[in-house]
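Each remark here refers to the structure printed beneath this line.
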Amino acid sequence: QATTRIVYGYTAVTDFASVFVAVEEGYFKKRNLEVEPKFIPLNSTIPAAIQSDSLQIGGPTPSVYLQSVDGGLDHVVVGGGGLTAKSQTGYAVVGRAGTGIRSAQDFVGKKVGVPGLGAFLHVGFRGWLKQSGVDYKKVNFIEASFPQHGDLLRGGSLDAVVTADPFMARILDSGAGYVASYYGTFLTEGMPTILHTARRDWVAKNQAAARGFREALVEAAAFINKPANEARLRAIIGKYIKVPPEVLAKMQISPPGPVIVEKQLDYWVGLMKDQEMLRTDPKVATLIAR
Amino acid sequence: MAAARRGAPHGGAAVSRGRALAESLAVLLALLALWWLAAHARWLSPVFVPTPEGMLASLQQGLVGGELAGFTAATVLRMLLGWGLACAAGIALGALIGISATARAWIQPTLEFVRPLPASAVLPLAISIFGLSPAMVLAVVAFGAMWPVLLATVHGFASVHPRLREVAGALQLSQPAFVFKVGLPNALPDILAGMRLAMTVALIVAVVGEMLASQPGLGQAILLAARAFRASELFAGIALLGAIGFLSNALLAVAERRLLRWQHP
Amino acid sequence: MLRALRPFVFPLLLLAALEWWTRTIGKDSDALAPPTRAAQAFAAALTDGSLLQATAFTLGSAAAGLGVACGLGILLGTLLGLSRRAAGMGFLTIEVLRPVPSVALIPLVMLAWGFGFRMEIAVIAFASVWPMLILTQAAVRQVEPRLLEVASALQLGPAARFTKIVLPAMVPRLFVALRLGVAIALVVAVTVEIAANPHGMGYALIIAQQSLDPALMLAWLGWIGVVGYAINVGTLWLQRAVARRMGEQP
Amino acid sequence: MGEALLRMEGVAIHLGGREILSPTDLRVARGEFVCVIGPSGCGKTTLLRAAAGFVAPQAGTVALAGRPVQGPSRAAAFVFQDYGRALLPWRSVAGNVSLALEAAGVAAAERPARIDRVLQTVGLAPHAAKFPAQLSGGMQQRVQIARCLAQEPTLLMMDEPFGALDAMTRENLQDELARLVREQGLTVLFVTHDLEEAIYLGDRVLALRSNPTADRPSLAALIDVPIARPRHQLETREHPEFLRLRRELYHYLGHD
Amino acid sequence: MGEALLRMEGVAIHLGGREILSPTDLRVARGEFVCVIGPSGCGKTTLLRAAAGFVAPQAGTVALAGRPVQGPSRAAAFVFQDYGRALLPWRSVAGNVSLALEAAGVAAAERPARIDRVLQTVGLAPHAAKFPAQLSGGMQQRVQIARCLAQEPTLLMMDEPFGALDAMTRENLQDELARLVREQGLTVLFVTHDLEEAIYLGDRVLALRSNPTADRPSLAALIDVPIARPRHQLETREHPEFLRLRRELYHYLGHD
Ligand SMILES: Nc1ncnc2c1ncn2[C@@H]1O[C@H](COP(=O)(O)OP(=O)(O)OP(=O)(O)O)[C@@H](O)[C@H]1O
Ligand SMILES: Nc1ncnc2c1ncn2[C@@H]1O[C@H](COP(=O)(O)OP(=O)(O)OP(=O)(O)O)[C@@H](O)[C@H]1O
Ligand SMILES: [Mg+2]
Ligand SMILES: [Mg+2]
C-alpha cells in the first residue's frame, strides 16, 4: 500500500502534543502516513490553507472551525487535540495590580485584553461571564498578543488580561498583576480545544488515511497518559514548539482527546450561538468523519 | 495626445467632462458585471467571494442597523489625521534633506533604515513601549504614510533645473526663500503625486493599525469578518474603503488641477 | 573618519535608548529585549543558516512581485499619462481598487494558491502596482512637452516613442517610484509572511515572537532594516550610474 | 513654380481666448523659400505650428501636398525656437541626430556616415560625442538643424533657426541652406526676426502684425523678392532691390 | 573712467578636460559698457559665468568692486541665454519679476508699481498675468530682462539678451538700455552675436576666438568704440567710425 503524504498545520500550543508524539514515535508511519507538521503563525488562516490544499489536515480551534463551516467551507473533523479540564490552571484572567478586580461583576466597564477576539480564550471567558450572570457586552475587549500582556498591564493600557502560561507566570512574578479568576476551572470538562479537520472530499478519497490518522492519535494519547513518558513527551513538544527549556519544563499539558463526538461539538455550537457568533445551525452530525 | 499643448490639440478632440465620467463609470460597471458573473457561476468559492448583491445587503445592514457607519467615521478620521501628519513631516524632512547636505549626511541613512520596517512588525514594539493608545496608532499611520511624500519632495528639490538654481543664486535668495519660492513649487507635481499615494497608504496603515492595535474602525470590522468567514461583510468593508479612497482622491485631484494650472495653461 | 561615522550617530543613539529602556523600565517585558542580546541571537541565526534561506525567500518573492508590478504599472501609467481619455476611463476603477488593503486580500489569494511563492507574489504585486502606476503617470505628465512634439514631428511609432522619448525622460522619476516600490514590496512580503505564509523573514520573526524569544525577534527586525537599507543603497547606486550614462552633468 | 506643396486657407487661431492669427491664406509652392517676419509675439511661431499640424486652427484648413494636415508628418521637419528643450538631454549630439534616422527606419549600418555628413554641414563633427548640456546655445541650435536635415524632408519649417549664431556661422549656414534648397528642391518656411536674413534667403517674405482686427488682418504684407539666385553675402546685400525691400518691410513692421 | 568695478586677472577655464578660455585679463570700469563677441562655442557664456561667479576659474582671480567673487551676488544681475529655462514656470510674468523684488526684501506694497514700471519698459505690461508657457520666445526673453532690471543691479551681465527679438523691439530695447546706463550709471557686460549691436551699444568690444592656443589666446581683440553718446539708430550706424570698426571686427572674427 502506498503511503499518503499529509502536511499538517499546527500553532504554538501544547494541545497538539498527540500529533507530535504520533510523528516522533512512528505511529503514523506504521499506518503508511507520512505526516509533515507545519507551524502556522495564525490559527485562523488554517481553514483557508486546508481549502487550497496547502494543508491536508490542520488544527483550528473549535471557534475558528465552526465559523468557517458557518461561512460555507465544507470541512469535517477527523480527530481532536487537547481537552479542557478542571485542573487547568495554565490560563486565567489576570487583573492589574491595584485594581482589585475579583468577581465577574467587577469586569463591567473595564478594558480586558484577550489574545484573539473570537478565539478560544475569549469565547471561554465570555461563557464564564455569562454563566456568572454578567452581560459580556458591558466589558471592553481588546485584542493584544500574549507577549504584550505584561507591558500593557504595567503601562495601564488595560485593566485585566485573559492570558496563559508562560506569560501569566512572568506577569505574576513581576508583580504587575494577580490572578483574578481561574475561570477555566468553572467551564465544562472534556471539551476539545483543537480539532483536526480536513476537506470533506479529501476524506472521502482518503478514507483509510483519515482513519489511520485518528488511530495513530489514539495510540499517541495512550502514550501521553502514561506518567512514565513525561520527560520524553516534553522533549518531543520542545522539538516543535520552540520555547526556552525552563518554560517547557513548567508548561501544563492538556489531556488528549483524539476522538470527537457530537456532544463535544454541540457544546461549542451552543456557546458560540449564545455569543451570536454563528448565523446558521451547523448540523453537527455531518461534521464528524467516521 | 499630450503632444500639442498650445491651442486645441489635434486628434482626440477635448473630451467633455461628462463623457469622461460616463466612460469611467462604464468601465467600473463592466468590472462589477464580471464579478457578478464570477460569483454566480461559482468560478470563485462563495466562502471568500460573495455575490455583489450579498455584499450590498451586508453593507446596508451594517450601515443602517450596525456599527459600520461609526467605524467608517473612525477610520476616516484616523486616515485624515495620519495623512496630515505624514504630509507635514514628509515635506518638512524632504525639504531639509533636499537643501541641506548636513541633513542628508546625518538623518537620511536613519530614515532609509527604518523605511523598510513593516508596520505589522513595528507596531507590537510600539505598543510595548508606548502603550495601546489612539495617538500611538496615529503616529504609526503617519510614519507609514510619510515615505511617498518624503521621497517625492527630495526628488523635487533635486530636479530643480540648474538654470533656476543659478537664478536663485544670482538673486541671492535666502535658504527659506529658495525652499518656498523655487524648491517646493518645483517639487509640487511630485509632491502632489506623493500625497495621493500617501493618502492611500494612510488609509491602509490606519486599517492595519486597527487590526493590530485593536482600535475601533473598519480595520477591526474587516479582520473580524475575515476570521468569521463572512465574505459579504468583508467585502462590504472593502467597498467602504474603496469609497473612502475614491472620494479622498477625487478631492485631491481637483486640488491638484487647480495647483498645477501653470503646467497646462 | 568622523564624517564617515555621521550616518550611524542617530541609529546608535536609538539603539542605546532601547538598550537602556529594556534594561530598566521594560526589563520584565516579553516583547522586547536589549539590542545587545539581539546581536547575540543574530550571530546564532547567522551560523545555523536559517538567516540566508529566509532572506532569500523574502527577497525572491519581493523581487518577483515588484517585477510584475513594475511591468504593469509602468505600462498602464504611461498609457494613462499620455492619453487623457484613457486616464478618464480608468480613474474610477483605479481609485476604487487602490485603497484595498493588501492584508484583506490574503485570505482570498490563500484560497487560490495556498501557501508559498505565488500567493506572496500576488499580494506584493497588488500592493506595489499602484504606486508604480500613479508615479509613472505623474512622471509622463512632466515629460518636456517639446520632446513629445519632436516625437510626433518624427512620427515615431508608439513603441519607439515610448522607448526613445518617454521612458528615458522619466527615468529619474521612475527611480523614485522604484525606491518606493522596493520598500513597499519588502514591507508587504514580510507582512504576508507574518500573517499567513509560513516562509521567509516574516515567518522567522513571528516564530521567534511566539517562542518567547524577543531577542531573536528584534534581531530579525533589525536584519530586515539592514536588508532594506542595503537594497536602497544599491538602487541609489544604480540610479547614479544610469544618470551618469545618460549624460547628467555633475 | 509648380503646384502648391503647403496650402493654408482662412486659417485662424485663438489662444487663451484671444485671436492670435486672423484668417490667413498662404500657398507655398514646391521648391519655394518663404520667410516670415513680424514683431515679437505676433504669431509667427503659431502660424508655423499650425502649418506643421501641432495645433488645429479654429477656422480654415491646412493641406500638405493636397492632403489635409491632421498632425505632424515626417515629410515636414520642424526646427523649434527653444532649441534647448527640443534635444534629448540623455543622448549625445550624434545620438540626437540619429533619432531622426531611427524614426525613418534607416539601417543601423548606414547611420554613422549620414550623421557625420550632416554634422559636418553644421560644423559640429568634432563635438559628436558631447551631450547637449555640454554645448553652447548656438551649438544646441545647430544640433537641432542637423537632426532636421538628417530627416531629409520635403518641407522644412524653421523657427528662428539661426537666432543664437554669430554672423560668420550664420552666413555659412544661410548659404548651406540655400544650396540644399537649390540642389534638392527643398521647400522652406522660415521664421526670422532679421529683416536682411529674410530678404537674403526668401523667394517671398510674409510680414505679420500683432493684435489683428477686422480691417487690419494678421497678414500685413506678402512680398516677392526678385533677386536672382545664387545670391552672395556681400553683393546681394548691396543690391538696390535688396535695399528697397528692406526699407519697404521696415515700414510694414515698424511704422505701420 | 573711474575705478574698475569688475576685474578679471589671468582667468582660465577648463571644461570637459579642454581649455575653453585661455588666461584672460579684463577690467570693466564703473559705468562702462563692454560687449563680448565671438564665434559660436568660443566661450562667451563661459566668460560671463566666470565673471558672475557661477563657475570658479581653474586659474586667475575675479573681483567685483575690489572684493574677490566667491559666488553670485545680488549687485550683479544675469540675463541667461536660455531664457525659457530661467523663468519659474509656475509664476506669471508679474510673479517672475516680483521674485527679484522679494529677494531684495522690497515691501509687498511697493512691488506692483515697480513691476508695472519694468514691464512697461520691456513692453509686456498687457501680459503681466500670463504664465511663461503662454508667451512667445521673445516675450520670455523680455520677462527675464525685466526681472534683472527690477533687481536694480550695479553690474548687468547679459548673455545674448536680444537674440530672439525682432528688429523694432530690439532697437527699442537697445536704446532703453543705453538710457538706463547713462541715467543710472549702470555697468554692463553684454554678449551678442551681432557685430553691429556690439558696436552700437559698447564703449569697448571684446572679441574672443575658439580653440585658444599658447600663441593665439582666447582674447582676440579689445577695441575702443570712439563714438559719442547718445547714439542714434540711423545716424550712428552710418558713422564712418562705425563702418570702420565693423570691418575691423569682422576681420577678427571671420578671417582671422
Ligand atoms: N497657450 C497660450 N495661451 C495664451 N496665449 C498664448 C499661448 N501661446 C501663445 N500665446 C500668445 O500668442 C501670441 C503669439 O505667440 P507666438 O509664439 O506665435 O509669437 P512669435 O511671433 O513667435 O513671437 P517671437 O518672435 O517672440 O517668438 C503671443 O502674444 C502669446 O502670448
Ligand atoms: N559642461 C561642459 N563640459 C564640456 N564642455 C563644455 C561644457 N560646457 C560648455 N562646454 C564647451 O565650452 C565651449 C564654450 O561654451 P560657451 O557656452 O561659453 O559658448 P558661447 O561662446 O556662449 O557660444 P554661443 O554663442 O553658441 O552661445 C563650447 O565648445 C562647449 O562645448
Ligand atoms: Mg516665436
Ligand atoms: Mg553662449
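The values are calculated or read from the model by the stated rules, or taken from the named source; none is laboratory data. Here the structure is a predicted model, which is why all the values come from computation and not from measurement. Cβ: placed from backbone, ideal geometry, glycine included. Neighbour counts: every protein chain shown. Each accessible area value is taken on the protein alone, full model and side chains, heavy atoms only, with ligands, DNA and RNA left out. Shrake-Rupley method; radii C 1.70, N 1.55, O 1.52, S 1.80 Å.
Some points to look at:
- Overall form of chain B per C-alpha gyration tensor (a/c, 1.5; a/b vs b/c): oblate
- Cut-off 14 Å between beta-carbons: net charge of the residues surrounding residue D:104, Lys and Arg +1, Asp and Glu -1: +2
- Summarising the label geometry, the points placed 7 Å from Cα in the beta-carbon direction at residue D:196 and residue D:14 lie 4.2 nm from one another.
- Violating pairs (Cα-Cα greater than 19 angstrom) within the set A:137/A:283; A:239/C:27; A:38/A:242; A:110/A:130; A:30/A:263; A:30/A:226: A:137/A:283; A:239/C:27; A:30/A:263; A:30/A:226
- About the Cα centre, charge dipole magnitude for segment D:23-97 (Lys/Arg +1, Asp/Glu -1 at Cβ), debye: 180 debye
- Accessible surface buried once B binds C (1.4 Å probe; total of both sides; Å²): 5900 Å²
- Estimated 222 nm signal from helices in chain B, with DSSP H stretches of n ≥ 4 weighted -39500 (n - 2.57), rounded to 500: -25500 deg cm²/dmol
- Taking Cα atoms only, the orientation of helix E:240-254 departs from the longest principal axis of chain E by about 70 degrees.
- Placing R0 at 35 angstrom, the Cβ-Cβ distance between residue B:114 and residue B:251 gives a FRET efficiency of 0.70 after rounding to 0.05.
- The angle between the Cα long axis of helix A:262-274 and the main principal axis of chain A comes to about 40°, on a 0 to 90 degree scale.
- Percentage of interatomic Cα-Cα distances in the protein assembly as shown larger than 47 Å: 47 percent
- For residue C:164, the aspartates and glutamates whose Cα comes closer than 16 Å to its Cα, not counting residues fewer than 8 places off in the same chain, are C:144, C:149, D:102.
- Mean-square fluctuations from a GNM of chain A, with a 10 angstrom spring cutoff on Cα atoms, peak among A:115, A:60, A:192 at A:115.
- Rounded to the nearest 20, the Cβ-based charge dipole of the protein assembly as shown about its Cα centre (Lys and Arg +1, Asp and Glu -1) stands at 1380 debye.
- Residues of segment A:249-290 that bury at least 50 Å² of accessible area when the other protein chains are present, relative to the chain alone (probe 1.4 Å, heavy atoms, ligands and nucleic acids excluded): A:279.
- Taking the C-alpha atoms only, the angle from helix E:167-184 to the longest principal axis of chain E is near 90 degrees.
- Hypothetical label at residue A:250: residues of segment A:92-112 whose amide nitrogen lies under 20 Å (7 Å Cα-Cβ projection): A:92-97
- Percentage of interatomic Cα-Cα distances in chain D larger than 25 Å: 44 percent
- Farthest positive-ward along segment A:2-96 dipole, Cα basis, beta-carbon charges - from A:72, A:46, A:10: A:10
- Carbon/sulfur fraction of accessible area - chain B, other protein chains in place, 1.4 Å, %: 73 percent
- Label separation (residue A:222 vs residue D:113): 9.5 nm, computed from points 7 Å beyond Cα along the C-beta direction.
- Using alpha carbons only, the radius of gyration of segment E:63-157 set against its Kirkwood radius gives Rg/Rh = 0.98.
- Placed amide H near residue D:6: partners under 5 Å, 5+ positions off or other chain: D:28, D:65
- Cβ-based net charge around residue D:129, under 14 Å, with every Lys or Arg adding one and every Asp or Glu removing one: +3
- MRE, 222 nm, helices only [DSSP H, n ≥ 4, -39500 (n - 2.57), over chain E, to nearest 500]: -11000 deg cm²/dmol
- Listed by chain and number, the aspartates and glutamates whose alpha-carbon sits under 14 Å from that of residue A:273, ignoring those within fewer than 8 places in the same chain, are A:70, A:281.
- Drop in accessible area of at least 30 Å² in the complex versus isolated chain, residues of segment E:34-52, 1.4 Å probe: E:40, E:41, E:49
- When both segment D:218-256 and segment B:220-265 are represented by their alpha-carbon centers, they are found 66 Å apart.
- With all protein chains kept in place, the per residue accessible area of segment B:63-260 amounts to 33 square angstrom at a probe of 1.4 angstrom.
- ³J(HN,Hα), Karplus 6.51/-1.76/1.60, whole Hz, each residue of segment C:161-169, x for Gly, Pro: 4, 6, 6, 9, 10, 5, 4, x, 5
- Between D and E, buried accessible area from a 1.4 angstrom probe totals roughly 2200 Å², ignoring ligands, DNA and RNA.
- For residue C:27 and residue A:42, a Förster radius of 25 Å and the Cβ-Cβ distance give a FRET efficiency of 0.30, rounded to the nearest 0.05.
- Bridging of residue D:44 to lysines at a Cα separation below 25 Å is possible for E:130, once same-chain residues fewer than 8 apart are set aside.
- Segment A:235-275 and segment E:44-72 have their alpha-carbon centroids 82 Å apart.
- Two numbers describe the Cα atoms of segment D:1-145: Rg and Dmax, which are 17.5, 50 Å.
- Net +/- balance of residues flanking residue A:128 in space, Cβ distance below 15 Å, scoring K and R +1, D and E -1: +3
- One Cα centroid belongs to segment C:182-198, the other to segment C:11-47; the line between them spans 23 Å.
- Calculated FRET efficiency for the pair residue B:135/residue A:137, C-beta based, R₀ 22 Å, to 0.05: 0.25
- Sorted largest first by accessible area at a 1.4 angstrom probe radius, with every protein chain in place, the residues C:130, C:237 fall in the order C:237, C:130.
- Expressed as a whole percent, the accessible surface of chain D that belongs to carbon and sulfur atoms is 51, based on a 1.4 Å probe.
- Per residue, chain A reaches -11000 deg cm²/dmol at 222 nm when only DSSP H runs of four or more residues are counted, each adding -39500 (n - 2.57).
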